[in-house]
Ligand code: SAH
C-alpha cells in the first residue's frame, strides 16, 4: 500500500484552502460537509465559495498566501492553478509538517483525497493512488449501485440498540448470533426499507428466542419486462440473497441468471389456459418454504401488482402471518412503450392511460367498450394477442375511428423486440402475416403515431417497422 487510509475528524478544526476558483470550491464543499472551519486565501474568491466559508464559521483572506495563514490549521489544500504558487504553499506546509494536498499535483501531495461513497455513518473511501481517475469514477458508480441507500440508517439502528441488547442478553455468543441474524436477515431489510418499527418487532423476537426465531420471509419482486438493466437495486439485492426462487414464464433468462447461484430454482409458470402450478398451490408453496426459515423469492415478470396476481399471493402470506415485502418492477406497458418510442400520455394526444386485460373469457372479451372507446386516452392491452381482432372490432364498433393507430410489441425491451404498427382496421390482417408471438402488448391511441419519430431501440433493424 502506498497510502494509509484514515478518516479524519475535522469538526470545528481549521482547514486552509488556498485558491478561490471552481476546483477550490469542490474541495471546500468536501471540507464543509465534514464540519471543518474553512480558511480560504486567494486574490479572487467565487461568491459561492465565500458563502460556504461564512456558513462554516470560517474566514476569507482576499490576497496572496503568507506563511502565517498556516497558523492553527490542521491541514492544507492548495488549488490555485498556478504552478509556482502551488509549490510555494506546499513548501511552507511541509516546513511545518502539516499534511498538504495539491490539486492535480500528486507529486506534491502528502495526502490524497479518496473517492467517497457516503452512507453516513457508513463511509466507503477508495483510491487508485491518483493513477486512474476514470476507473475510480466507474468503481464509485458500481459501489453506489451496490450499497443500499438505507445503509446508513441500518448502521444507525444497529448502533442505537447495542447497549439495549447488551443489557438484555448478557451471553456474548448469543448476542453475536443475534447481531449476525439481524444484519443478514429480515430485520435489516426492514430498516433498509425504512420500517424501523418492523425491525424492532423482529429484534424483540430474537431476544425472546435467544436468536433461534424462524427467519423465513417472502420477497415478491417485479423482474421487469425483460431487459435485466431495468431491475431495481432492491430487486437485485433480494435476488442475491434468496434461498429459493419461484419464477414464471415471463421472467427473462438473463434476469433469472442474476439470482444467487446457490438458490434452488422452481418454475411455476403458466401458459395461456395451461397452469403449470395452480395459483392456490403457489400460495401454499411460498408459505411452506418461508416457514422452513428460507428467504423465498417470488419473481414475477413486470410489476407484481399489475396483472400479476401478486395481491393474492401476499394475502395468503398475510393471513398466515409470514413476513413479506413487495418490490415494484417496471411493468410491460412502461417498458414496451419506452423501448418502442411511444409516450403513453402526451399533451396533444392522451390525458390518461388505461391498462386493460385482453384475456378472452369464453371466446369473447368482456370489457366496458363504451369507456374504452373514449377519445383522449391511450389503451394498453396485456394478454391480448389472441383477442386482438375482437378488440379492434369492438373499439371501432363503439366509436373509435378505424384509422386509430395500434402498435403490437413482441418481447419488448429484449433483443427479440419487434414492433408492428398498424390501425384498428388493418391490424387483424397485418397480425395474421406478421409471425408475432406472445408475449405481446398492444397499445391503442394516437400516441402510437409518434413511434416513427421517437423509436431509438431497433433490434433486428428494419423488420416490421411502420
Ligand atoms: N405483471 C406483468 C404482466 C403480467 S400479464 C407486468 O407488469 O408487466 C402477462 C402479459 O404481460 C403478457 O401476456 C403480455 O401482454 C405482457 N408482457 C409482459 N412482458 C412483456 C414484454 N416483454 N413484451 C410484451 N408484452 C409483455
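If the condition is being in a loop (DSSP other than H, G, I, E, B) and within 18 Å of residue 420 (Cα to Cα), then segment 358-395 contributes 358, 383, 384, 385, 386, 387.
When 372, 360, 367 are checked against the criterion of being buried (at least 17 other Cβ atoms within 10 Å of the Cβ), farther than 17 Å from residue 336 by Cβ and away from the ligand (no atom under 16 Å from the Cβ), 372 stands alone in meeting it. In the set (1) within 14 Å of the ligand (Cβ to nearest atom); (2) part of a helix (DSSP H, G or I); (3) touching a residue at least 40 places away in the same chain (Cβ under 8 Å), residue 317 fails one condition alone, (1).
Screening the candidates 399, 412, 460 for the property of being over 19 Å from residue 333 (Cβ atoms), assigned to a loop (DSSP other than H, G, I, E, B) and within 15 Å of the ligand (Cβ to nearest atom) yields one hit, 460.
May I ask you to list the residues in segment 127-145 that are touching a residue at least 24 places away in the same chain (Cβ under 8 Å) and surrounded by 13 or more Cβ atoms within 10 Å (Cβ to Cβ)?
Residues satisfying the conditions are 127, 130, 139, 140, 143, 144.
Would you confirm whether or not segment 280-298 contains a residue that is assigned to a strand (DSSP E or B) and near the ligand (Cβ under 9 Å from one of its atoms)? There is no residue in segment 280-298 that is assigned to a strand (DSSP E or B) and near the ligand (Cβ under 9 Å from one of its atoms). Scoring residue 387 on the criteria (1) out of contact with any strand residue (DSSP E or B) (no Cβ under 7 Å at 6 or more places or on another chain); (2) away from the ligand (no atom under 13 Å from the Cβ) leaves a single failure, condition (2). Of the residues contained in segment 420-429, one or more are found to be assigned to a strand (DSSP E or B), more than 16 Å from the ligand (Cβ to nearest atom) and farther than 19 Å from residue 457 by Cβ.
Go through segment 91-122 and report how many residues are closer than 20 Å to residue 2 by Cα and assigned to a helix (DSSP H, G or I).
Summing the residues that are closer than 20 Å to residue 2 by Cα and assigned to a helix (DSSP H, G or I) in segment 91-122 gives 4.
Yes or no, residue by residue, for (1) modelled with pLDDT of 90 or more; (2) closer than 22 Å to residue 219 by Cα; (3) touching a helix residue (DSSP H, G or I) at 6+ places or on another chain (Cβ under 8 Å):
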| residue | (1), (2), (3) |
| --- | --- |
| 159 | yes, no, no |
| 163 | yes, no, no |
| 173 | yes, no, no |
| 182 | yes, yes, yes |
| 189 | yes, yes, yes |
| 195 | yes, yes, no |
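So which residues in segment 389-404 are surrounded by fewer than 21 Cβ atoms within 10 Å (Cβ to Cβ), in contact (Cβ under 8 Å) with a residue 24 or more places away in the chain and in contact with a helix residue (DSSP H, G or I) (Cβ under 6 Å, 6 or more places away or on another chain), if there are any at all? Hits for segment 389-404 are 389, 394, 398.
With modelled with pLDDT of 95 or more and outside any loop (DSSP other than H, G, I, E, B) as the only criterion, which of 201, 153 stands out? Quick ask: steps written out before the conclusion?
Details: 201 fails: modelled with pLDDT of 95 or more.
153 is the lone residue from the list that is modelled with pLDDT of 95 or more and outside any loop (DSSP other than H, G, I, E, B).
Just to be sure before I move on: is residue 245 over 25 Å from residue 284 (Cα atoms), at pLDDT 90 or above and more than 16 Å from the ligand (Cβ to nearest atom) in the structure I sent? It is false that residue 245 is over 25 Å from residue 284 (Cα atoms), at pLDDT 90 or above and more than 16 Å from the ligand (Cβ to nearest atom).
Among the criteria (1) within 17 Å of residue 99 (Cβ to Cβ); (2) without any contact (Cβ under 8 Å) to a residue 12 or more places away in the chain, the one residue 47 does not fulfil is (1).
Going through (1) away from the ligand (no atom under 16 Å from the Cβ); (2) in a loop (DSSP other than H, G, I, E, B) one by one, residue 308 falls short only on (1). Identification of strands (runs of 3 or more DSSP E) wholly contained in segment 1-81 with 3 or more residues that are within 20 Å of residue 108 (Cα to Cα) yields 14-18, 37-42, 73-78.
Candidates in segment 328-346 are the residues that are touching a strand residue (DSSP E or B) at 6+ places or on another chain (Cβ under 6 Å) and assigned to a loop (DSSP other than H, G, I, E, B); of these, the one that is nearest to the ligand (Cβ to nearest atom) is 331.
Is it fair to say residue 325 is surrounded by 17 or more Cβ atoms within 10 Å (Cβ to Cβ) and either within 16 Å of the ligand (Cβ to nearest atom) or at pLDDT 95 or above (or both)? Step through it out loud before you land on a result.
Values: surrounded by 17 or more Cβ atoms within 10 Å (Cβ to Cβ): yes; either within 16 Å of the ligand (Cβ to nearest atom) or at pLDDT 95 or above (or both): no.
So residue 325 fails the test.
The values are calculated or read from the model by the stated rules, or taken from the named source; none is laboratory data. Everything numeric here is computed off the predicted structure, so don't read it as measured data. Note: ideal-geometry Cβ built from the backbone for every residue, glycine included; neighbour counts use all protein chains shown.
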